[in-house]
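Okay, here's the structure, questions in a sec.
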Amino acid sequence: IPGFRHDVSADSSAEFPDRASMMEVRLQAQEDEITLLKSSLADALRRLRIHDQVLQLLKQQVIAGGETGPNSTVSLVWKRRMRSQKKMKEEEEGRSPQISHTGPTWLCKHHISLWASPLRVPREFSVIKNRQSIKMFIRGRPITMYIPSNIQNYDELKMEPPSERLELDWVYGYRGRDGRANLYFLPTGEAVYFIACVIVLYHINNRTQRHYRKHTDCVRCLTLHPDKVRVASGQTAGVDKDGKPLQLCVYIWDSTTLVTLQQIGPGTFQRGVGSVAFSFADAGSFLCVIDDSNDHMLSLWDCTKGTKHAEIKTTNEAVFAVEFNPRDSTNIITCGKSHVYFWTLSGGQLTKKQGIFGKYKKPKFIQCFVFSLTGDVLTGDSEGNIMTWGKSAADIKTLGKGAKETYQIMRQTKAHEGSVFTLCTLQGGGLLSGGGKDRKIIRWSADLAPERECEIPEKFGAVRTIAAMDEEELLVGTTRNAILRGTFSDGFVAIVQGHVDEMWGLATHPSQNIFLTCGHDRQVCLWNTEEHKLDWCITLEEYGLCAGFCPNGSVVSVGLSTGRWMVLDLLTREVVSESTDGNEQLSVMRYSPDGSFLAVGSHDNFIYIYSVTESGRRYTRFGKCNGHSSFITHLDWSKDGKYIMSNSGDYEILYWDIAAGCKLLRNRFESKDREWASYTCVLGFHVMGVWLEGSDGTDINALCRSHNEKMVAVADDFCKVHLFQYPCPKLKAPSHKYEGHGSHVTNVCFTHSDSHLLSIGGKDTCILQWKVIGGGVGNSRERLASASSTSTSSPEPATMGSATPEPVSAFLNNRSQVRTPRTEVSANVFSLKMAVKSAVPSCWEAVKGTWFKVENIKLIE
């Protein structure tokens, strides 16, 4: 929920996390189903058109076919073809994996397709040369990719992981939008906070980062031990690929060495850990944990032994915070939706007393609390009040002889407009409070008299948490994922910034160490990889989904969610050009290598081509690539800037001749040796190995080849970044796998020198900067050549005889574009045959012994 501008939105996120996640999953499933239905409908319409054309041609050829008896030349040629096919099948037997209909399946062999013009007279019939290809199946759809000529023996190619590795260098962002008490200041001068699966230790003066990376899913909570060295952190449970919950625990670790000291409660907590707290009175011997189960179980643990001392249900309402009484470790307080509970530990059992609001209005949410130096409990609530709680003697007159002491409100102080999101005590007895709606930080005296106040800038959102560096200087975490540093006198400046909603657009500069991001928060941000900071940020009217730098580096184009795109000047941040293509979202912005063209990929199934002049400041429509039956997902330019390779949402690979007027290249075999200036298409021969068994076609969101053409980085739907050797054209190619993101990784991109890799997350709003270390020698073509041992040349593409009608030839040469499940193709061709039989019954007896083959389906006479 971006921004948390209203108190209710801030708290409902904490109250219904599971419901929200379930809705997200259902929405994504419905979107996938709609996409599949659209592409299936487009396929069906296209197949009908092709069948109508072929039917008409077959009628003409059957009538003009002449004598074709059992002993005719046509029958003899057909028999020779069948014998040849049978021989090749016997030679290849045993090398082809079994085809599965679940997930992506592979037919990793030299796929031989012998095609001839159907029903031709003997003198016009010709035998076609073999062609080498590899077929990959995703969701039952065949994707044919042709083997480049420089691969002499595909079967003997050896896939190895790249010699390069990744090392986490920097983390951009902070999780402030829905976190509480997640920012602390260490005696070492470091600020401790988290985002995604990473806990960051950021040295404020030295501007360096260290990272604790033991967590396997999004970190949810954090607390600091009384010794100011040890840290405890909890996370969301997460699920595996099958949707089963993963075991989780609370980690206690040393902030100096980053060594894990203890794992608390492996497999005990459900869904996630929402709050943790160390005891104070006994030097931090115990840890209190509240999980995210329906009953929000509260448990006490021995920090040294890792054993459980007590456990109890708290409430089925949201719980926001837990703390030990600093004077008595047997007293614990929790707060959340409409409650404050006072817990007492006695004899290994926990008992609860509810705070009584009495004459005061009961707020909807108790957001936070602290202990004053006098031992009182101060709470901040959604009404903007600070409540002072204390013990009251038992009211025997009203409640009778068995009445016990109660916890009641002693005083109410109006502090903020909107929620009080955080309270922080100072060493001298003062108090700091942070407001939501009014964005104010107020300093209070020990008796709650306001002393000073300031308001943080609106662009940073509301105050989420406060950490005191000393009596004057503060760190402030905000709801728009920023960390500010400053004082009441000098104001506050941002030292950590990030996006506040899902990101998809990522582009690196062609010659400088900067990169650009954009996302659903409508922000376009330019970052510096050397100084690890945000250079500038602008807010758009619509959200951006893709971006691309012009090769001259002076401008960058950004594609938006409405079909509109704009070009920004990097120095002035001004819009120098803008246009609109269709009314659906844009997915790719890619300049040609020389910067003379811009390709715009849209969800309306078209690729729009613009000629670029005046150093990227003037754009003129050049043409439109029309041929995809689903939305454009990725595209790349050839090194000579004349051709484009594109992928679509229905797993299609098409090639375009831009110089010839955006013409679709029907014979894809001709593109097998073409060199590409970039490689971001997730479907292609050179990157087939990045797909894992069991994938459904949407598991890989993006990939990027390095500029030296040695490695490929992959962003997947399972929070992982993979690093493969380039090329990786074989199934189960090995890779290095890296964790850190807490949501689907939406994009990856190498910097211009390949020194770093950038990856961006979806819902975790996190940008990870990885340093590339190591590396071997040789480029991709040399590695492919050395991996192939047998000197055999690739055959030329099969071409139809000159007498073959052009529509039939186009249909046969491009048969792999008919992406239809095997049973459907059989039924369609059978229907076609019956139509021919009924249309020309007089000729059917003469020609029924000869028929042609569609893909791998042999039609019975």
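The values are calculated or read from the model by the stated rules, or taken from the named source; none is laboratory data. Small disclaimer: the values here were computed from a predicted structure and weren't measured. All Cβ positions, glycine included, derive from the backbone under ideal geometry; neighbour counts span all protein chains shown.
Filter the range 674-709 down to residues that are over 21 Å from Glu652 (Cα atoms) and surrounded by fewer than 22 Cβ atoms within 10 Å (Cβ to Cβ), then give me how many there are.
Kept after step one, since they are over 21 Å from Glu652 (Cα atoms), are these residues of the range 674-709: 706-709.
Next, from what is left, pick out any that are surrounded by fewer than 22 Cβ atoms within 10 Å (Cβ to Cβ): 707-709.
Within the range 674-709, residues that are over 21 Å from Glu652 (Cα atoms) and surrounded by fewer than 22 Cβ atoms within 10 Å (Cβ to Cβ) number 3.
For Pro142, state whether it is at pLDDT below 95, crowded, with 17+ Cβ neighbours inside 10 Å and in a strand (DSSP E or B).
Here the answer is yes, as Pro142 does meet what is asked.
Would you please list the contacts, defined by Cβ atoms under 7 Å and residues six or more apart or on different chains, that run from a residue in the range 591-605 that is surrounded by fewer than 22 Cβ atoms within 10 Å (Cβ to Cβ) to a residue that is among the hydrophobic types (A, V, I, L, M, F, W, C) and not in a strand (DSSP E or B)?
Correct list of pairs: Pro593/Ala677; Gly595/Cys550; His603/Phe631.
Among the residues of the range 198-246, write down those that are free of Cβ contacts under 8 Å to residues at least 60 places away in the same chain, farther than 29 Å from Ala283 by Cα and not in a strand (DSSP E or B).
If the condition is that a residue be free of Cβ contacts under 8 Å to residues at least 60 places away in the same chain, farther than 29 Å from Ala283 by Cα and not in a strand (DSSP E or B), then Asn205, Asn206, Ala237, Gly238, Asp240, Asp242, Gly243, Lys244, Leu246 are the ones that fit.
So for the range 251-261 (the condition being farther than 30 Å from Asp381 by Cα, touching a residue at least 24 places away in the same chain (Cβ under 8 Å), out of contact with any strand residue (DSSP E or B) (no Cβ under 6 Å at 6 or more places or on another chain) and not charged (D, E, K, R)), does at least one residue qualify?
yes
In the list Glu323, Glu383, which residue meets the criterion of being under 19 Å from Thr422 (Cβ atoms) and not in a strand (DSSP E or B)?
Glu383
Moving on to the next point. Take the range 332-356 and flag every residue that is over 43 Å from the mean Cα position of the chain (by Cα) and buried (at least 17 other Cβ atoms within 10 Å of the Cβ).
Listed by number, the residues that qualify are Leu345, Gly355.
OK, next. Out of the range 637-671, which residues are touching a helix residue (DSSP H, G or I) at 6+ places or on another chain (Cβ under 9 Å), buried (at least 20 other Cβ atoms within 10 Å of the Cβ) and assigned to a loop (DSSP other than H, G, I, E, B)?
Listed by number, the residues that qualify are Gly649, Asp650, Tyr651, Glu652.
Looking only at the range 295-320, filter to residues that are of a type in the set (Val, Ile, Thr) and part of a strand (DSSP E or B); which one of those is surrounded by the most Cβ atoms within 10 Å (Cβ to Cβ)?
Residue satisfying both the conditions and the ranking: Val319.
Any idea which of (1) among the charged types (D, E, K, R); (2) part of a loop (DSSP other than H, G, I, E, B); (3) farther than 18 Å from Leu373 by Cβ; (4) free of Cβ contacts under 8 Å to residues at least 24 places away in the same chain is the one Lys459 doesn't satisfy?
Going through the list (1) among the charged types (D, E, K, R); (2) part of a loop (DSSP other than H, G, I, E, B); (3) farther than 18 Å from Leu373 by Cβ; (4) free of Cβ contacts under 8 Å to residues at least 24 places away in the same chain, Lys459 breaks only (2).
State whether the residues of the range 192-210 include one that is basic (Lys, Arg) and at pLDDT 95 or above.
There is at least one residue in the range 192-210 that is basic (Lys, Arg) and at pLDDT 95 or above.
OK, next. Looking only at the range 265-294, count how many residues are small (Gly, Ala, Ser) and either closer than 13 Å to Leu222 by Cβ or in a strand (DSSP E or B) (or both). Give the derivation first.
Let us first name the residues in the range 265-294 that are small (Gly, Ala, Ser), namely 265, 267, 272, 274-275, 277, 279, 281, 283-285, 293.
Narrowing the set further to residues that are either closer than 13 Å to Leu222 by Cβ or in a strand (DSSP E or B) (or both) leaves 272, 274-275, 277.
Residues meeting the conditions: 4.
Now, a different point. If I ask for residues that are under 17 Å from the mean Cα position of the chain (by Cα) and either more than 16 Å from Val192 (Cα to Cα) or among the polar types (S, T, N, Q) (or both), which ones from the range 216-242 would you list?
Result: Thr216, Asp217, Gly238, Val239, Asp240, Lys241.
Out of everything in the range 482-508 that is within 20 Å of Ile195 (Cα to Cα) and among the charged types (D, E, K, R), what residue ends up being farthest from the chain's Cα centre (by Cα)?
Arg485
Let me ask you something else. Give the range 355-365 a look and list any residue that's within 24 Å of Lys404 (Cα to Cα) and touching a residue at least 24 places away in the same chain (Cβ under 8 Å), or say none.
Answer for the range 355-365, where residues must be within 24 Å of Lys404 (Cα to Cα) and touching a residue at least 24 places away in the same chain (Cβ under 8 Å): Gly355, Ile356, Phe357, Gly358, Tyr360, Lys362.
Let me ask something additional. Name the one entry in Gly559, Gly553, Gly544 that is without any contact (Cβ under 8 Å) to a residue 60 or more places away in the chain, buried (at least 19 other Cβ atoms within 10 Å of the Cβ) and closer than 25 Å to Ser638 by Cα.
Matching residue, one of Gly559, Gly553, Gly544: Gly559.
Output the number of residues of the range 606-620 satisfying the condition of being surrounded by fewer than 20 Cβ atoms within 10 Å (Cβ to Cβ), part of a strand (DSSP E or B) and in contact (Cβ under 8 Å) with a residue 40 or more places away in the chain.
Looking only at that region, the number is 1.
Name the residues in the range 292-314 that are over 37 Å from the mean Cα position of the chain (by Cα) and either β-branched (Val, Ile, Thr) or not assigned by TED's automatic domain parsing to the domain that holds Thr330 (or both), would you?
The answer is Thr304, Thr307, Ile312.
Enumerate the pairs (first residue in the range 37-49 and under 13 Å from Arg141 (Cβ atoms) and surrounded by 11 or more Cβ atoms within 10 Å (Cβ to Cβ); second residue anywhere and at pLDDT 75 or above and of a type outside the set (Phe, Trp, Tyr)) with beta-carbon separation below 7 Å, excluding pairs fewer than 6 apart on the same chain, so at least 6 apart or on different chains.
Ser39/Ser629; Ser39/Ser630; Ser39/Gly649; Ser39/Asp650; Ala42/Ser629; Ala42/Ser630; Asp43/Ser629
Is it true that some residue in the range 229-251 is surrounded by 15 or more Cβ atoms within 10 Å (Cβ to Cβ) and basic (Lys, Arg)?
Residues of the range 229-251 surrounded by 15 or more Cβ atoms within 10 Å (Cβ to Cβ): 229-238, 248-251.
Next cut, basic (Lys, Arg) only: 230.
Checked the range 229-251: at least one residue is surrounded by 15 or more Cβ atoms within 10 Å (Cβ to Cβ) and basic (Lys, Arg).
Let me ask you something else. Please list, ordered by first then second residue, the pairs with beta carbon atoms under 9 Å, 6 or more apart or interchain, first in the range 385-405 and more than 19 Å from Lys361 (Cα to Cα) and at pLDDT below 80, second among the basic types (Lys, Arg) and surrounded by fewer than 14 Cβ atoms within 10 Å (Cβ to Cβ).
From the range 385-405, the pairs are Ala394/Lys404; Ala403/Lys397.
Among the residues of the range 762-769, are any at pLDDT below 95, surrounded by fewer than 22 Cβ atoms within 10 Å (Cβ to Cβ) and under 23 Å from Arg213 (Cα atoms)?
yes
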